Amino acid sequence: MTTGARIVDITSQLQPGSYVAELKGIEAPDGVGTYYVCFSDNVTLEAGSSALSGRDLVRDATKSFRIKVVKGANPKISNCAYVNATTNQARMLQHE
């Protein structure tokens with residue numbers, strides 16, 4: 001990923017169960033590593049997880065998300081300000 005990159009949409013279909021997802025900081029030359037994470041409606045965030053958004057994902061920082069996936073027929077992301085509910089795609093927050 002390049003410095004100043006925006007919107008990296010990663011989609012993964014997981015079997016029901018418990019998982020840990022990690023987001024690792026690569027580069028933040030201005031000292032502000034903005035991030036956000038959205039999970040589909042069939043995923044619950046468990047206690048001890050990092051915040052779903054922030055401005056502190058700087059070089060070598062790690063955010064961990066303990067999640068539980070339940071079976072979902074057609075998982076949708078309906079409760080995330082960063083996702084267009086109609087297209088189910090991530091919104092562009094800032095153009096470089």
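In this rough spin-label picture, where each label sits 7 Å from Cα along the Cβ direction, the residue 14-residue 58 distance is 2.9 nm. Modelled label positions at residue 71 and residue 34, each set 7 Å beyond Cα in the direction of Cβ, lie 4.1 nm from each other. Remark: accessible surface ordering of 10, 26, 67, 77 (largest first) is 10, 26, 77, 67, probe radius 1.4 Å. Evaluating 6.51 cos²θ - 1.76 cosθ + 1.60 at θ = phi - 60° for every residue in region 28-40, the Karplus couplings come out as 8, x, 8, x, 10, x, 7, 8, 8, 10, 10, 10, 5 Hz, glycine and proline recorded as x. The Cα-based radius of gyration and maximum Cα-Cα distance (Dmax) for region 30-77 are 13.0, 42 Å.
The values are calculated or read from the model by the stated rules, or taken from the named source; none is laboratory data. The model shown is predicted, which means the values in this text are computed figures rather than measured ones. Heads up, the Cβs are rebuilt from the backbone with ideal geometry, glycines too, and the neighbour counts pull from every protein chain shown. Each accessible area value is taken on the protein alone, full model and side chains, heavy atoms only, with ligands, DNA and RNA left out. Shrake-Rupley method; radii C 1.70, N 1.55, O 1.52, S 1.80 Å.
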